[in-house]
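Have a look at the structure below before the remarks.
The values are calculated or read from the model by the stated rules, or taken from the named source; none is laboratory data. Quick caveat: nothing in here was measured; it's all calculated off a predicted structure. In this analysis, Cβ positions are derived from the backbone assuming ideal geometry, glycine residues included, and neighbour counts consider all displayed protein chains. Remember, those area values only see protein heavy atoms, side chains included, never the ligands or the DNA or RNA. Shrake-Rupley method; radii C 1.70, N 1.55, O 1.52, S 1.80 Å.
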Amino acid sequence: MQLSEQEVVRREKLAKLREMGIDPYPAALYPVNATSKSIKTDYVEGKKVIIAGRLMSRRIQGKASFAELQDSEGRIQVYFNRDEICTGDDKTLYNDVYKKLLDIGDIIGIEGELFTTKVGEKTVMVKKFKMLSKALRPLPLPKVDADGNVYDEFNDPELRYRQRYVDLIVNPKVKETFIKRTKITNSIREFYNERGYLEVETPILQPIPGGAAARPFLTHHNALNIPLYLRIANELYLKRLIVGGFDGVYEFAKDFRNEGMDRTHNPEFTVMELYVAYKDYNWMMETTEQLLEKIAIDANGTSKLQVGDNEIEFKAPYARVPILEAIKIHTGIDVSDMNEEELRETAKKLGIEVDETMGVGKLIDEIFGEKCEHHYIQPTFITDYPKEMSPLTKQHRDNPRLTERFELMVNGKELANCYSELNDPIDQRERFEEQLRLSEKGDDEAMFIDQDFIRALEYGMPPTSGIGIGIDRLVMLMTNNSSIQEVLFFPQMRPEKKQVELSENEKAVFDILKKEKTMPLSELKSQSGLSNKGWDKSIKGLTKHKLAKVFKEGESLLVKLEE
């Protein structure tokens with residue numbers, strides 16, 4: 001492993017601390033009794049406190065120094081004075097340990113007394129300090145010049161998502177997003193618990209991936225010698241519990257779908273599903289309105305939120321639009337009586353890519369997704385889906401071609417999906433068999449037949465309404481984030497590229513190119529200031545490592561940064 005100059009220096013300091021008999025990673029409990037926030041909130045002049053945190057900045061002025069300590073709740077100013085810390089003749093603890101062997105990023109414990117500086121800042125006067133963890137890598141802290149301009153911010157998404165631990169340290173607003181995420185899930189639990197619904201857990205490894213139309217992840221259980229799937233939904237297990245006699249159950253589930261990744265999709269994601277006996281989808285619409293209004297207020301103090309360029313009002317009631325009517329509104333075409341071939345031709349005329357594996361349901365879904373979905377910014381229930389789109393949903397009471405289903409659209413994206421649940425086992429078997437026919441046509445997202453679930457329905461399931469809410473998308477809305485990666489602590493990433501070891505000249509040229517992305521070759525050479533020999537070697541090295549590419553445009557030679 002090749003270490004940077006700063007990493008080498010920090011390891012040397014680590015060795016010196018150990019030589020002095022100081023353990024850089026002590027095992028014993030450190031008796032913290034205050035935080036940065038509690039100190040400021042309940043401030044008492046002269047109060048003795050014990051705090052711990054990460055050293056984030058310091059200004060050493062001879063025998064005194066002001067520094068900032070960051071803990072889980074913010075930052076607090078601390079004041080190091082040599083004579084307060086070293087009351088005897090030996091000044092080693094201040095002169096050597098604090099001034100020379102501590103680094104920004106180190107975690108230390110402090111015992112001290114509170115006082116207020118001349119400019120009115122609440123501060124801890126350090127009486128004792130202790131090394132709790134030596135940081136061997138420097139933090140990528142932003143720098144501010146005399147004019148207030150900020151440089152070297154840690155804002156590269158690739159690095160931020162891959163090194164979330166660093167992101168949380170140096171970008172305080174990131175932590176706020178995840179604190180708000182917990183407030184949102186707590187708000188949902190509170191809402192359901194008050195109504196007497198039971199939070200449960202169901203299997204993640206399943207012999208049949210049921211409950212949704214999606215491509216599953218497949219694994220193998222060695223002891224049982226059977227294939228198993230990571231669940232794509234928890235619906236069928238929760239409905240088994242309704243059969244078993246529970247009137248209301250819900251689960252926060254990690255689901256997994258072996259599909260594409262983009263700003264709103266991660267292969268591992270969180271869904272909350274609720275099932276309540278003796279209810280229908282009309283009741284669930286009203287309940288969902290109440291829930292989302294409560295979540296918005298609990299998380300942000302208001303039901304009206306700014307999401308990107310749109311102001312969204314989560315206060316009930318929400319609009320209700322049948323899906324076939326939505327298609328007619330936004331395309332001018334009535335698809336309600338079309339068969340599969342007519343729908344396929346209509347989709348093609350609308351410029352939508354289709355194939356022969358798509359049945360009626362998928363074709364209607366594609367048309368709605370491409371031509372209608374993005375129009376629904378304010379919360380809107382899209383209702384009454386065709387039967388072919390909803391194999392687990394009860395037939396509509398007024399139209400046998402439709403089902404009692406809604407999807408909640410907010411800011412142009414689906415946020416929730418709800419059914420009046422199908423509880424007729426004969427009808428359910430026929431729907432599963434139709435899914436099997438789609439699978440045989442090549443639809444790799446068609447549902448499997450779950451014989452045990454049908455058996456459960458044959459024992460009798462009461463009329464039930466169920467809903468699934470995408471927690472990640474809900475958090476995106478409530479925190480005004482446009483990317484799902486911003487609301488997941490550790491989003492799925494491509495394998496990290498093997499670190500390339502560059503010479504000093506190659507680093508210099510690469511740093512110039514990073515700022516411009518693409519520039520004339522002659523200009524890059526000029527800015528590098530290298531000799532002809534040094535330049536030739538450096539640019540060849542960067543192209544060999546596939547970090548830069550030289551190409552011709554017209555009469556000019558250009559060089560661009562390789563992604």
* Peptides 513-519, 362-368: what's the order by average Cβ count within 10 Å, highest mean first? -> 362-368, 513-519
* Structure fact -> If the chain between Lys294 and Val166 were fully extended at 0.36 nm per residue, the gain over the current Cα-Cα distance would be 42.8 nm
* **Cβ-derived FRET efficiency at R0 51 Å, Lys560 paired with Glu194, nearest 0.05** => 0.30
* Structure fact -> The ratio Rg/Rh over the Cα atoms of the range 364-443, Rh being the Kirkwood inverse mean 1/r radius, stands at 1.02
* State to the nearest 20 debye the size of the charge dipole of the range 509-563 about its Cα centre, where the only charges are +1 on K and R beta carbons and -1 on D and E beta carbons. => 240 debye
* Cleavage-rule hits (GluC sites (Glu not before Pro)) in the range 447-515: DSSP loop, at most 15 neighbouring Cβ within 10 angstrom -> Glu496, Glu501
* Structure fact -> With R₀ set to 22 angstrom, the calculated FRET efficiency between the beta-carbons of Asp89 and Glu113, to the nearest 0.05, is 0.40
* Structure fact -> Given (i) 0.98; (ii) 1.09; (iii) 1.24 as possible values of Cα Rg over 2.2 N^0.38 Å, the one from the coordinates is (iii)
* Asked: From the phi of every residue in the range 384-393, what ³J(HN,Hα) in whole Hz does the Karplus formula 6.51 cos²θ - 1.76 cosθ + 1.60 yield, where θ is phi - 60° and glycine or proline is x?
  -> 6, 7, x, 4, 5, 8, 9, x, 10, 10
* State, as an integer percentage, the relative contact order of the chain based on alpha-carbon contacts under 8 Å between residues 6 or more apart. => 10 percent
* Asked: Can you pull out the chymotrypsin sites (Phe, Trp or Tyr not before Pro) in the range 249-349 that DSSP calls coil and that have at most 14 other Cβ atoms within 10 Å?
  -> Tyr278
* Structure fact -> Compactness check, the range 180-318: C-alpha Rg relative to the 2.2 N^0.38 Å globular estimate gives 1.21
* When the helix-only estimate is applied to the chain (DSSP H runs of n ≥ 4, each -39,500 (n - 2.57), divided by the residue count), what is the mean residue ellipticity at 222 nm, nearest 500 deg cm²/dmol? -> -10000 deg cm²/dmol
* Solvent-accessible area per residue for the chain at a 1.4 Å probe radius, Å²? -> 52 Å²
* Structure fact -> For the range 35-44, Karplus-derived ³J(HN,Hα) couplings (6.51, -1.76, 1.60; θ = phi - 60°; whole Hz; x for glycine and proline) come out as 10, 4, 6, 5, 4, 6, 6, 10, 5, 9
* Applying 1/(1 + (r/R0)^6) with R0 = 56 Å to the Cβ-Cβ distance of Lys517 and Arg401, what FRET efficiency is obtained, to the nearest 0.05? -> 0.55
* With a 1.4 Å probe and every protein chain kept in, tell me what percent of the accessible surface of the chain is carbon plus sulfur. => 49 percent
* Read phi for every residue in the range 418-432 and hand back ³J(HN,Hα) as whole Hz from Karplus 6.51 cos²θ - 1.76 cosθ + 1.60, θ = phi - 60°, with x for Gly and Pro. => 9, 10, 7, 5, 5, 10, 8, x, 5, 4, 4, 4, 4, 5, 4
* To do: Would you be so kind as to identify which of Val354, Pro203, Pro31 lies farthest towards the positive end of the dipole of the chain, taking Lys and Arg as +1 and Asp and Glu as -1 on Cβ and the Cα centre as origin?
  => Pro31
* Say a paramagnetic label sat at a point 7 Å from the Cα of Ala28, along Cα to Cβ; which residues of the range 38-55 have their backbone N under 20 Å from it? -> 49-53
* In this model, which of Lys16/Lys99; Lys315/Lys371; Lys497/Lys540; Lys239/Lys441; Lys514/Lys552; Lys13/Lys175 are farther than 24 Å apart at the alpha-carbon? -> Lys315/Lys371; Lys239/Lys441; Lys13/Lys175
* Structure fact -> Using eta = 1.002 mPa s and T = 20 °C, Stokes-Einstein with Kirkwood Rh from Cα pairs puts D for the range 381-530, in µm² s⁻¹, at 104 µm²/s
* State log₁₀ I(q)/I(0) for the range 490-563 at q = 0.15 Å⁻¹ as given by the Debye formula over alpha-carbon point scatterers of equal weight, solvent excluded. => -0.51
* **Simple label model, 7 Å out from Cα along Cβ direction - His221 to Gln2, nm** => 4.8 nm
* **Potential extension, His265-Val150 segment - 0.36 nm per residue separation minus Cα distance** => 38.2 nm
* Check: the range 189-263 dipole with +1 on Lys, Arg Cβ and -1 on Asp, Glu Cβ, in debye -> 260 debye
